[in-house]
Amino acid sequence: MTDTTLTRRRALQSSLAMAGSLSLYPAVAQENRDTKDAKEIRIGQSAHLTGPLASSLTAPLVGQEMAINEVNRKGGIGGRPLRIITLDDAYDAKRALENTRKLIDEEKVVALFGYANTSAVAAVFPLIQEKGVPLIGPYSGSPSLRTKHHPYFFTTFGSYRDEVVQMVRVLVAQQKTQLAVVYQNHPFGQQMLPVVEGVAKELGATIVAKAPIESSGADAVACAQVIAQGKPQAVLLMAFGPGTVPAIRALKTYVGAPQYAIAIANSKSSVEALGDEGRGMAYTHVTPYPWRQTTRLLREFGAEM
């Protein structure tokens, strides 16, 4: 299972990729966009520090802080320390766009990093192209962000579609082809529903039931009862955050079929809240196994931890 360590490692990977990507913009990095302090390199971030989904970002923020501290401890980039300026958007795309404009125009950031809201990333695409400021290492694997090349967008995150493909492929191999989908009733889940439906059709599975669930999970029982009517052989959970806890509990009670969830749903807080009720949950895994240090990046991560 992915725990805080794994999530931190994902943040570390994104941060190191971000540092390397800055070398693609030597002129911008040198001028630091006329920063108020030419001795530091500023990067900006808009993230949901508050709101119902804030807990899903706690560990990644700790991880990215560790990564930035490591970069600075080793001398920074070109001898200049790295500083991240994070503004709260409460998972609101409009606020994220406002934050981004402030980060670019007022804080004079060199680059943007670690956005975690798919709708927010899409909203800032025109602005970063207009301003010539790259967005690096977002915490999103949404296929919708990858349909068209963007010259200032650099992702290090695995695709959510790839995760769904692995789920369905494993289930079909086990002759579990009658599937149900529980999807979060906000843009993330709404975008993932057609992805799951398309993958299921492609791999020979059938969606026999589907139901939305609120981010809070307040309607978990009603959602599970709808899913139970389809008598699925497995349930795919396209949701993350605290609402997954009551969702998993209700599905175990009313459906009793195996449940599969994407990697971002496997947060330490959710696993701890579930306790023994979380046994049997299957989560996709988008990062290398951290305790098998077969690459330089994993060895650096292990040493830092």
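The values are calculated or read from the model by the stated rules, or taken from the named source; none is laboratory data. None of these values were measured; they are calculated from a predicted model. With ideal geometry, Cβ positions are generated from the backbone for all residues, glycine too; neighbour counts draw on all protein chains shown. These area figures cover heavy atoms from the full protein model, side chains too; ligands, DNA and RNA do not enter into them. Shrake-Rupley method; radii C 1.70, N 1.55, O 1.52, S 1.80 Å.
Observations
- Within the stretch 115-153, the set of residues being farther than 13 Å from SER46 by Cβ, open to solvent by less than 10 Å² (accessible area, probe 1.4 Å) and part of a loop (DSSP other than H, G, I, E, B) comprises PRO134, GLY137, GLY141, SER142.
- Of the strands (runs of 3 or more DSSP E) lying entirely inside the stretch 1-114, those containing at least 2 residues that are modelled with pLDDT of 50 or more, of a type outside the set (Phe, Trp, Tyr) and surrounded by fewer than 21 Cβ atoms within 10 Å (Cβ to Cβ) span 82-88.
- Hey, ILE227 within 19 Å of GLY141 (Cβ to Cβ), touching a Phe, Trp or Tyr at 6+ places or on another chain (Cβ under 9 Å) and β-branched (Val, Ile, Thr) or not: no
- Any helices (runs of 4 or more DSSP H) falling wholly within the stretch 211-301 and containing at least 1 residues that are open to solvent by 60 Å² or more (accessible area, probe 1.4 Å) and within 24 Å of GLY158 (Cα to Cα): 268-274
- Subset of the stretch 220-279 (residues that are more than 21 Å from GLN178 (Cβ to Cβ) and either over 25 Å from the mean Cα position of the chain (by Cα) or free of Cβ contacts under 8 Å to residues at least 24 places away in the same chain (or both)): VAL221, ALA222, GLU272, GLY275, ASP276, ARG279
- Just one of the listed residues (PHE153, PHE188, PHE157) is of a type in the set (Phe, Trp, Tyr), closer than 24 Å to ALA250 by Cα and in contact with a helix residue (DSSP H, G or I) (Cβ under 9 Å, 6 or more places away or on another chain), and it is PHE188.
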